[in-house]
1. Quick one: Arg133 ticks every box in (1) out of contact with any strand residue (DSSP E or B) (no Cβ under 6 Å at 6 or more places or on another chain); (2) in contact (Cβ under 8 Å) with a residue 40 or more places away in the chain bar one, so which box is it?
2. Within the bounds of the range 104-112, is there any residue that is under 18 Å from Leu201 (Cβ atoms), crowded, with 22+ Cβ neighbours inside 10 Å and in contact (Cβ under 8 Å) with a residue 60 or more places away in the chain?
3. Any idea how many residues of the range 124-162 are among the hydrophobic types (A, V, I, L, M, F, W, C), part of a helix (DSSP H, G or I) and surrounded by fewer than 17 Cβ atoms within 10 Å (Cβ to Cβ)?
4. Pairs needed: first member in the range 65-87, among the acidic types (Asp, Glu); second member anywhere, modelled with pLDDT under 90 and assigned to a helix (DSSP H, G or I); C-beta distance under 8 Å; at least 6 residues apart or different chains.
5. Of the residues Arg133, Arg144, Arg129, which single one is closer than 14 Å to Leu78 by Cα and among the charged types (D, E, K, R)?
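The values are calculated or read from the model by the stated rules, or taken from the named source; none is laboratory data. It should be emphasised that the depicted structure is a prediction, and the values quoted were computed from it without experimental measurement. Cβ atoms come from the backbone with ideal geometry, glycine included; neighbour counts cover every protein chain shown.
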Amino acid sequence: MFPFHTWLPDAHVQAPTAGSVILAGVLLKLGGYGFIRFAIPLFPDGAHLFAPLMIALSVIAIIYGALVAIVQTDLKKLIAYSSVSHMGFVTLGIFTFNQQGVDGAILQMLNHGLITSGLFLLVGIGYERTHDREIAKMGGWAVRTPLYAALFGFFLFASVGLPGLSGFAGEFLVLLGAFIANPMVAGASTLVMILAAVYLLYMYQRVFTGPLSPFLKGLGAKLTDVTPTEILTLAPLATLIVIFGVMPTLLTSSFAKSVETFLMSAISVVGQ
C-alpha cells in the first residue's frame, strides 16, 4: 500500500513470469490478510484510531496507482501500478469496518489474484515471442495473434471491473461499504475506476489494434498465437473469473460468518 509500494514495480520487472504470478497472486495478499487476521483483532482500539488515516492512504493509493499506470511504457510496470490501485481498494474496504466493505476487500484480494496472475501470464507469453515489453514498439498484435488478443482482452475487462466478471463484485462491495462509512470517499474512489478503464483500454488499443507495427512485423514467423498448453494454463483462471463473477456468493457465503465475528469483536472491544 502507498507509500510502501516503491519496491513492487521493479520487483515485477526483474522477476520471471512465474515470480510475478506468485507475487501478484499470493504475496500481495499477505498484508490484507495480516490486517484482518492479526493486526485489527489484536489492536482494535488502534485500528479504529488510525482508520481515517488508513482510508486516506487507501484513496491516495487508488488514485496514485491509476495516474502513474497511465504513463507507463512497460507492460509489466503498468500492471504492477494497477495492482497498487487495486490493493488500495482492499485496505479501503477493511477499514470501513462494515460487512460490505470487508466482504468486498476479501473478494478483491481473491479476484485480483486470479485476474492479475492471468495478465502477468499473458505478458510473459508475449515476451517469449518478442523479448520486449515496450508498449511503443507494439501495435496491431491482434492481426497476427487474434486468440492471444482475445484472451488479453478478457482478463483486461475483468481487471476494469466489467459486470459479470469477478473484478466487479469485490469493487462494488468495497464502494458500497465506503459509501456507508463516508460517501465522499466512495465518490472519489468511484471516479478513479474511470481512470482504470482509461489506462487499461488505452494500453490495449496501442498494443493490439491498428496495423502491425514494424517491430512486430520484423519478428516474422516468431510471432505465433497462443499454444494449446498456454490456453490450458489460462483456462482455470478464466473459468473461475466467470464463475465468481456470476455467482460471487459462492465466495462470500464461505467467509460471511467469519467477517461478522471479526467485526463484532473489533467493534465490541472499542465500545467498552
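1. Unmet condition: (1).
2. no
3. 3
4. As it stands, the answer is Asp74/Val13, since those pairs meet every condition given.
5. When all the criteria are applied, what remains is Arg133.
Every residue, every condition in (1) more than 17 Å from Ile55 (Cβ to Cβ); (2) at pLDDT below 95; (3) under 15 Å from the mean Cα position of the chain (by Cα), yes or no:
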residue	(1), (2), (3)
Leu78	yes, yes, yes
Tyr81	yes, yes, yes
His86	no, yes, yes
Gly101	no, yes, no
Gly139	yes, yes, no
Tyr148	yes, no, no
Phe154	yes, no, yes
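Per-residue answers, yes or no, for (1) surrounded by 13 or more Cβ atoms within 10 Å (Cβ to Cβ); (2) closer than 30 Å to Leu78 by Cα; (3) at pLDDT below 90:
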| position | (1), (2), (3) |
| --- | --- |
| Pro214 | no, yes, no |
| Val226 | yes, yes, no |
| Gly245 | yes, yes, no |
| Leu250 | no, no, no |
| Ser268 | no, no, yes |
